[in-house]
Amino acid sequence: MAILDILEFPDPRLRTIAKPVAVVDDEVRQLVDDMFETMYEAPGIGLAATQVNVHKRVVVMDLSEDRSEPRVFINPEFEVLTDEMGQYQEGCLSVPGFYENVDRPQRVKINAQDRDGQPYELVAEGLLAVCIQHECDHLNGKLFVDYLSTLKRDRIKKKLEKLHRQNA
């Protein structure tokens, strides 16, 4: 397994729309394993392949405290099941050090494939629903900062650009 480099906002590659995975093979399973290792090392609770500059529709997630509930979503699609919105303070491995409130639907139904390519369906609420939507946004070239005001988004962008220049 390998730790992959995580792209950081405002890297334009984060805006790439991921392509569906045609076949879940050993290469895709290796990507899943590397993404889990990268996410746990970061540390984070979710990671989309787009964030590691692989533009395939693959997401890994683990919301447990002890890393005991790894979830794999290949070719995930979700459907909103409620008009009820919830506000969560979201962060992102591609926007390190920033946390902002984002409103999202509270309940969604996900259709995806698992690590072996088997299709499954899941109804998610609360934090799991938020994470699914957040990670699917990545696969569509969208970041949580896109839900913020232009002023807040520009402030975050300038701070991260300054940090990137200092670390270069």
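The values are calculated or read from the model by the stated rules, or taken from the named source; none is laboratory data. Please read all numbers here as calculations on a predicted model, not as lab measurements. Because the Cβ atoms are built from the backbone with ideal geometry, glycine has one as well, and the counts that use them run over all protein chains shown. To get the accessible areas, we keep the full protein, side chains included, count just its heavy atoms, and leave off ligands, DNA and RNA. Shrake-Rupley method; radii C 1.70, N 1.55, O 1.52, S 1.80 Å.
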Could you tell me whether the stretch 59-66 includes any residue that is under 29 Å from Ile156 (Cβ atoms), among the polar types (S, T, N, Q) and either touching a Lys or Arg at 6+ places or on another chain (Cβ under 7 Å) or at pLDDT 95 or above (or both)?
yes
Hey, could you check the stretch 58-79 for residues that are over 21 Å from Pro20 (Cβ atoms) and touching a residue at least 24 places away in the same chain (Cβ under 8 Å) and say which is least open to solvent (accessible area, probe 1.4 Å)?
Asp62
Restricting the search to the stretch 45-57, which residues are touching a Cys at 6+ places or on another chain (Cβ under 8 Å) and open to solvent by 20 Å² or more (accessible area, probe 1.4 Å)?
Ile45
The stretch 1-34 - residue that is assigned to a helix (DSSP H, G or I) and under 17 Å from Val145 (Cβ atoms) and, of those, least open to solvent (accessible area, probe 1.4 Å)
Leu14
